[in-house]
Every structure is written in C-alpha cells, then in structure tokens.
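K.L.:
Here it is: the structure, laid out below.
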Amino acid sequence: MDSNNSGELQVDEKEIITLARKFALLNAIYHDGRASLGSVIGRVFAEQPKLKLFPQRVNSLVREQVEKVNSLPLLDQRRALLLEFPGAMENEDKRKQEISRKEAEREPSLPELPDAIEGAVVTRFPPEPNGYMHIGHAKAAIIGREYATRYSGKFIVRFDDTNPSTEKLEYYGAFLDSLEWLGIKADRVKNASDDMEEFYKLAEVAMRNGKAYVCTCAQEDIRQMRAKGLACAHRTNSVEENLKLWEKMKKKEFKRNEAVLRFLGDIKSSNTAMRDPVLFRIVEDPHPLRGTKYHIWPTYDFDGPVEDSLDGVTHAMRSKEYELRDEVYCSILNSLGLRVPKIIEFSRLSLANTTVHKRTLKRLVEEKKVDGWDDPRIPTIAGLRRRGILPEAIRRFIISMGLSKVESEPTWDLLESINRKLLDPVAKRYFFVPHPVSLDVKGFPRVTVEIPYHPDRVEFGSRKIETNGRFAISSEDCEGLLPGSKIRLIEAYTVEIEESVGRTALLARMIENDLHGEDRGIKKLQWVARDSCTSFEMKVLGPLLKEGGIFNEKSLTTVKGLAEQSALELREGELVQFVRIGFCRIDKPGVAILTHK
C-alpha cells in the first residue's frame, strides 16, 4: 500500500492491476494484438480518477500488464478477456457505439460573420449553369445558407448565366435538384440574364463616367498588351465615340471578337486583373433562356458585383481563386456609384484523386469514361448521392473546414468517416458473400435462424433464414482454414473444418448446439444459406484519377457473390450495411455500390 502526502488516500495495487489488464486486453484486441500504453493508462485514470494521485506507481503497474498482454497471441488475448472479464467486450462495443453516436450528433459550426446585423444579412450562391453541381459548389452554397439562417437573413440562388456558349437548360434543373437534395432552401431564385436591360444601362453609365471604353483591337493584341501593361489607342476614346461604338455593337455591326467593352482600370497595375478587363463581349450562340434576343453579354467581372449590389447582398462569399479580382469587383461598383458588399473568402474545395474542373468532368462524361454526371466516382452532388453519401455528412464535412483560406485537398476518408458515423445507427444489416465457396456441415439440423436487422434498433425488426447445413462463405475467409480450424457462423453455429475440397468447397462438422455461444476468440464469418440466397453484385470504387491526373481505368470494379434472400427486398437508393463488407447503397435491385468499409 502507498499513501499520498496527507495520508488520507491509499492505492490498491490489485485494483490497478485488474483495471490495467482488462483495458490492455481490450485495447490489444481492437488494435491487432498490440495494446497502447498511453491509451491504457488513460482508461485506468478515467475509470478511477483518484489514482491520478499516484502517477508513478500506476504507470509502472500498467506498463507491466501491457507488456504481458502484448506478449500473448491475439487468440490467447481474446480467450483471456472472455474468461477473466465476461461481458467486457460487449460493454466496450456499446461504449464505442455511444461515442460514435455522440460524435455524429455533435454539430460543427462556422465562426461569427464579420459586420453581421441580425435580420439584415443577405448571402447568395451564384453558380454558372455549365455543368452539374459538385462538392466545391456545395461549399459555397452551404456556407451561404448557414450564415443567412444564423442571422435570420436571406439566401439567394442566382444563376450567373451570361455565357451562352457553355450553358444548357439541363444544368439549371440539375443545380436546383442538387440543392433540394442537400436541403438548401433559397429565399429567392433568379437568373442574371433576367437583368440584361439593367446591365446595358449600367454599361452606358460606366462609359459616361469615363470608366469604360469600346475596344476593337484583335483579341490576341489585347492579351499581349495587357501582359506588358500597355494601353491601346481606344483607351483615350471620347465618351461620344464609345457610345457610338456601343450602339454599333448593339445593332450587330460587329461580329464576335471584333469589339468588346473594357473597364478603364490601371493598365500598369501589378495586379494584372486590373489592367482594363473586358466587361462585355459579343456572343453569337443562342442563350438557353433568352434565345437570340441578346448578343452582347457581360462577363463575370461585371455581372457578379453588379448583381450582388442590386440584390442587396451584404456578404459575398467567394473562393480564394477570385482573390486577385476583388480589386476589380470593388472598383467597378465604385465607378457606378453602387454599394459594395463585404467580401468573405475561403479556400476552394476539391477531393484527392478526383477533379471538380467542369471541363475535365464534361470530357469524362462525353467520352463515356464515366457513367454520366451521377457516376459515383466523381464529386458531383448527383455522384455523391448515388455513392451513398448523406446530405448531412456533406454539410458537416464542409462546415468542419470553416472559412480557412489554406488550400487543401482532403481525402475521401474524411467525408466517409463522417458519413459512416451517421449511417451506423440507421443502416440495416445484411449478409453478402463475395466469391462464394461452399461449406457443408455434417449433422446440421434444419432450423430457422432469426437475425435482427440492427443490433441496437429493435424497431427495425428481424429476418428469418432457414438453414440445413448447406452454406456459402467468402473465398477470402477460407484462406488458412485447415482441418481442425474452428469458425463461428454469425448468429448461428460454431463449426470445425474437417476437409478442404480444392479451393471451391469445405466440409465441416457442428461442434456447438446453441445459437448464441460466447465468443472464444474464434473467427466470426458472415454466410448465406445456399438453398435460399440470391446472386448479387457489388461495385467497388477506386480513385478516379492516377498520378498526373490520368484517368484510372480500374477506378470501378465489380465483385460478384451471393446475398441472403431478404436482400431481394432492397430497392434503389436504400442504404444498408453488409456485415464485414461495409456500408452500401443499392444502385438497383441485385446491385450495390460499396460506399465505404
């Protein structure tokens, strides 16, 4: 016995040794046979806080137990835990599930919005309808909606549809469908193309203010002069000359690339974006909504800030890629005498081994390298939905990154981890056996096994499976199964292997008569009854791109196998867990997409 300085408390070494051994065994079993000293010490102190008064003695005793446990084979560790601490494994599983549940329920939050006034905040999401919504768009939309909600303000969805060459009616609907699925509600939906007449009036205001001029230089000449910081001859046009040329543009006396309206910025500026950027250009392609009514269209440099100001936006959320154009944004509004919103910037969002670049995604779709815009390998919202990612997982993933400007490319693992925690309490469990191998068990009675759909959700019910000794298990699980090996068929019997028949079949005998025998460190396997099962396919997703941005031809593989008969009831869109395989989304009857393990 030891005592502290006051002599009031004493340490019971037997208690420490007991706790240390229990937590060392648990930690080892959950970490492939190797217990972590720090983790075990932390669990001991958490169980008995008073022991923190004796750190040196506790550390020494715990270290001894961890070393003893780590010297045992994993099978012996399991046996020791079951014999010495019955129910410890079950309690630990419940503890971990509770931790996962609390983590899943924990609400991430964004930082306070600068200069925000309750009830007066207006944010917006301004996508261009030239492709499908992807996770990068979702970041802007979710952040905008979150702040509008927090401050009892308004959220606008505005299609910046002023480039008819790349826009399609299909994409408007695709964005709205994705927003609805994400649960993002707009207080107003509009199109920038609704305000073309207002844009034309403001273009004339800019010319009359001496802040815009019509340039008829060749496109390549404009590019070269801007790069060198050189002014063209049209920069000194009079207001009258500019208005006359503008009228000619409106009357279609100029064709594409023959005339543009440029902003009178600072041609010598170190910020090249300020070197007289183009505000309006001629586009002869028909617009998906306006047809051929207009042929002079504003660039994003013009319609973006103007729309923000006219719509009453107080906080303009922009990704960091526009950082150099912030000066242009503010200068254009100041030149027109319009209110300047506060610009809030954050880093772009992409995911490792994939792409959010619309040109690349469009090429993959057009070349049929992926199965459309909703292919589960690509990070479009339609693709993430088909992959089995929940809207709430996407929201939490995005909010967890906050408003950081640090460029990063998180892996799929982080998003999947959040999704897994949300799915675990709500996904029904089923059995699927990939690459099946026959297992015939001698002396097996014809019985009906009742298996719950979820270990913790009684309300989910159960299914009944008739068994008669004719099973199938995964070929991967057969590796290393020699005569004498024992395996437990989950929720059924423990059997002993008697004979291997090549690599396609196993013979065994039943050695345990109860349906819920204790875990004795024996490997647990999912199974199907061969007389009542169904063919099933699992789509396994890999990285979309290889190093260097090259398309990965092996990014989608199909694993064939057998599933329990009740899996036939699963319909497209259902999210389930195939035991020991992972969480899946049913793509269509008989086919599932492995969301993540």
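K.L.:
Checking the structure you have, find out if any residue of the range 300-308 is in a strand (DSSP E or B), at pLDDT 95 or above and either in contact with a strand residue (DSSP E or B) (Cβ under 6 Å, 6 or more places away or on another chain) or farther than 24 Å from Ile156 by Cα (or both).
P.N.:
No, the range 300-308 contains no residue that is in a strand (DSSP E or B), at pLDDT 95 or above and either in contact with a strand residue (DSSP E or B) (Cβ under 6 Å, 6 or more places away or on another chain) or farther than 24 Å from Ile156 by Cα (or both).
K.L.:
Residue check: is Glu253 surrounded by fewer than 14 Cβ atoms within 10 Å (Cβ to Cβ), without any contact (Cβ under 8 Å) to a residue 24 or more places away in the chain and part of a helix (DSSP H, G or I)?
P.N.:
No.
K.L.:
So in the range 348-369, with the set limited to residues that are without any contact (Cβ under 8 Å) to a residue 60 or more places away in the chain and part of a loop (DSSP other than H, G, I, E, B), which one is nearest to Lys139 (Cα to Cα)?
P.N.:
Across the range 348-369, the extreme among qualifying residues is His357.
K.L.:
State yes or no: is Lys268 part of a loop (DSSP other than H, G, I, E, B) and not hydroxyl-bearing (Ser, Thr, Tyr)?
P.N.:
Taking the combined requirement at face value, the residue satisfies it.
K.L.:
Could you look through the range 319-333, keep only residues that are of a type outside the set (S, T, N, Q) and touching a residue at least 40 places away in the same chain (Cβ under 8 Å), and pick out the one that is surrounded by the most Cβ atoms within 10 Å (Cβ to Cβ)?
P.N.:
Per the stated criteria, the residue is Ile332.
K.L.:
Would you mind listing the strands (runs of 3 or more DSSP E) fully within the range 481-597 where at least 3 residues are more than 30 Å from Gly87 (Cβ to Cβ) and modelled with pLDDT of 95 or more?
P.N.:
Strands (runs of 3 or more DSSP E) meeting the threshold: 533-541, 556-564, 582-588, 591-596.
K.L.:
Name the residues in the range 338-347 that are in a loop (DSSP other than H, G, I, E, B) and either of a type in the set (Asp, Glu) or under 30 Å from Asn552 (Cα atoms) (or both), would you?
P.N.:
Ser347
K.L.:
On to the next question. Return yes or no: is Ala186 of a type in the set (A, V, I, L, M), at pLDDT 95 or above and part of a helix (DSSP H, G or I)?
P.N.:
So Ala186 does not fit the description; no.
K.L.:
Here's another thing I want to ask about it. Quick one: is Ser335 part of a helix (DSSP H, G or I), touching a helix residue (DSSP H, G or I) at 6+ places or on another chain (Cβ under 9 Å) and among the small types (Gly, Ala, Ser)?
P.N.:
yes
K.L.:
Anything in the range 390-435 that is farther than 21 Å from Leu570 by Cα and of a type in the set (D, E, K, R)? List them, or say none.
P.N.:
Across the range 390-435, the qualifying residues are Glu392, Arg395, Arg396, Lys405, Glu407, Glu409, Asp413, Glu416, Lys421.
K.L.:
Would you pick out the residues in the range 14-44 that are surrounded by 22 or more Cβ atoms within 10 Å (Cβ to Cβ), of a type in the set (Gly, Ala, Ser) and outside any loop (DSSP other than H, G, I, E, B)?
P.N.:
Ala20, Ala24, Ala28
K.L.:
Here's something else I'd like to know. Only one of these conditions is not met by Leu336: (1) in contact (Cβ under 8 Å) with a residue 60 or more places away in the chain; (2) crowded, with 20+ Cβ neighbours inside 10 Å; (3) more than 18 Å from Lys139 (Cα to Cα). Which number is it?
P.N.:
(2)
The values are calculated or read from the model by the stated rules, or taken from the named source; none is laboratory data. Keep in mind the model is a prediction, meaning the values are calculated, not measured. Using ideal geometry, Cβ is built from the backbone for each residue, glycine included, and neighbour counts are taken over all protein chains shown.
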